[in-house]
1. Provide the per-residue ³J(HN,Hα) series for the range 229-245, in order, calculated from phi with Karplus coefficients 6.51, -1.76, 1.60 and θ = phi - 60°, each as a whole number of Hz, with x at glycine and proline positions.
2. If you keep only loop residues by DSSP, which GluC sites (Glu not before Pro) in the range 335-383 have at most 11 other Cβ atoms within 10 Å of their Cβ?
3. Would you order 86, 139, 315 from fewest to most other beta-carbon atoms within 10 Å of each residue's own beta-carbon?
4. Per-residue HN-Hα couplings for the range 23-31, Karplus 6.51 cos²θ - 1.76 cosθ + 1.60 at θ = phi - 60°, whole Hz, x for Gly and Pro?
5. Gain in length, residue 412 to residue 46, computed as 0.36 nm per residue apart minus the alpha-carbon separation, to one decimal in nm?
6. Please go through the residue pairs 7/350; 22/258; 51/91 and name each one whose alpha carbons sit more than 21 Å apart in this structure.
7. Can you tell me the dipole magnitude for the chain around its Cα centre, using point charges on the Cβ only (Lys, Arg +1; Asp, Glu -1), in Debye to the nearest 20?
8. Which cross-chain or sequence-distant (5 or more) residues have an amide H under 5 Å from the amide H of residue 15, H modelled 1.01 Å from N in plane?
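Derivation of every value follows stated rules applied to the coordinates shown; laboratory data play no part. Just so you know, these numbers come straight off a predicted model, no measurement behind them. Cβ placement follows ideal geometry from the backbone for every residue including glycine, while neighbour counts extend to all protein chains displayed.
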Amino acid sequence: MDKFIIKGGKRLHGEVVISGAKNAAVAIIPAVAMAESPCRIENVPNISDVKLSARILTEMGATVRWLGKNTVEIDPTTIHTNVVPSELGRKMRGSYYNIGALLGRCSKAIVPLPGGCDFGVRPIDQHIKGFKALGCTYSLNDGMIEVSAKELRGAHIYLDMVTVGATMNIILAAVKAKGLTVIENAAREPHVVDLANFLNSMGANISGAGTDVIKIRGVEHLKGITYSIIPDQIEAGTYMAAAAATRGDVLVKNVTPKHLESITAKLMEMGVTVVEYDDAVRVRCDGPLSKCNVKTMPHPGFPTDMQPQIAALLSIAQGTSILNESVWENRFRYVEELKRMGAQITVEGKSAIIEGVEYLKGAPVRATDLRAGAAMIIAGLAAHGVTKIEDIEHIQRGYEDIVEKFVGLGADMYLMLDPTNSDTAKIG
Ligand SMILES: CC(=O)N[C@H]1[C@@H](OP(=O)(O)OP(=O)(O)OC[C@H]2O[C@@H](n3ccc(=O)[nH]c3=O)[C@H](O)[C@@H]2O)O[C@H](CO)[C@@H](O)[C@@H]1O
Ligand SMILES: C=C(OP(=O)(O)O)C(=O)O
């Protein structure tokens, strides 16, 4: 089993360049299927979820060419099927965006139930409700979702809860539907806006992305374009938290500071200095961290995808902090791992009560999911002694060159390859 080995206690310093946003890329790549000519996508994060998204299109007949590490050219005109291969689609969450994109392309999609991080039940009923409102029929056969329509028609859709996935999937399905679609109670995350900007550049007519009412007027044609994906808010937040945890001084480059405001606000409440520039933030921490209460919320609230990382930080802050998870039923599985390192955390329902300790101690731990893994890295970097992190394939779903980036900041960290693991080569 491949592992990350971290010898803690090094103060991070220097500069780190943030990659493109995973949760934008995994929607934009399937969306290319609707274009009538090739698209070139730039600032694509080189991570396993994105490689899978591209492989799905390749398997469906698209011509996919990587031009270097972070640019991909996709010719969708050769796609010859509306079926997403089950063994690929099941491995990631964002594969569900193939439903909306294939509906837009050919009014029919057969896509496996998606995978992704395990937070308990992750329903997609709001996606289905949206597709039905647009005139689709739906069935589930052998783990494959089948959605089709004779003709997609615009509709007024009220989402029962703020959901990123349903908002983006309905946008995709509605872009070429006849007439006007209105999504109420829409998600406002930066990746929702990025998808809408991408589609509008192709010729779509979407307004209101970034607010809770999004209007989509159907168009007949979408053209191929060149587009650059926004920086990853969560990757940036992870390096910000790591800088704070190690009492470091790090310039986090290629970010949109506006997208980081909720994270910046909490770090500052903890006593960290954060200076914003046009497309960078400098994070410096000299003294002890103070306790702070955090509640995760849909954007512009504090992102749930930063919840484990902030827990690692609060574990070594002075005083008792309350961390409340309001998006997912069960996103505290990593707490048992942090406790192996000496963290004092009690979970009560959807809250974690964190009593800060003076320092954590290195230990063998598991990355129970993607951001849980990021939290283990932050804890390991700040801890006394050596931390060995297993199940790192979760981390590689969402962080490009994570070892190289942390080593560039002065971390003592390396990837220990398991020679018997044949998947290692594929992660790349
Ligand atoms: C690939 C991707 O972009 N993943 C992100 C996306 O996941 P994902 O799109 O799966 O998350 P949602 O925003 O849809 O889920 C938010 C909440 O709504 C509930 N819900 C959602 C859909 C639905 O049909 N029914 C329903 O009940 C979920 O159980 C959850 O409690 O947004 C989450 C919330 O920011 C992030 O943690 C994930 O990183
Ligand atoms: C939960 C996440 O991803 P996914 O929805 O792809 O599992 C995440 O990015 O933190």
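1. 6, 5, x, 7, 4, 7, 4, 4, x, 5, 5, 5, 5, 5, 4, 5, 4
2. Details: sites: 336, 337, 348, 355, 358; in loops: 358.
Those satisfying the criteria are 358.
3. Details: 86 16, 139 10, 315 30.
Fewest-to-most ranking of 86, 139, 315: 139, 86, 315.
4. Coupling constants for the range 23-31: 6, 8, 4, 6, 9, 5, 4, x, 4 Hz.
5. Values: separation 366, 0.36 × 366 = 131.76 nm, distance 2.27 nm.
Full extension from residue 412 to residue 46 adds 129.5 nm.
6. Values: 7/350 32 Å; 22/258 18 Å; 51/91 12 Å.
Listed pairs above 21 Å: 7/350.
7. On the way: 46 positive and 47 negative charges, 74 e Å.
The calculation lands at about 360 debye.
8. 251
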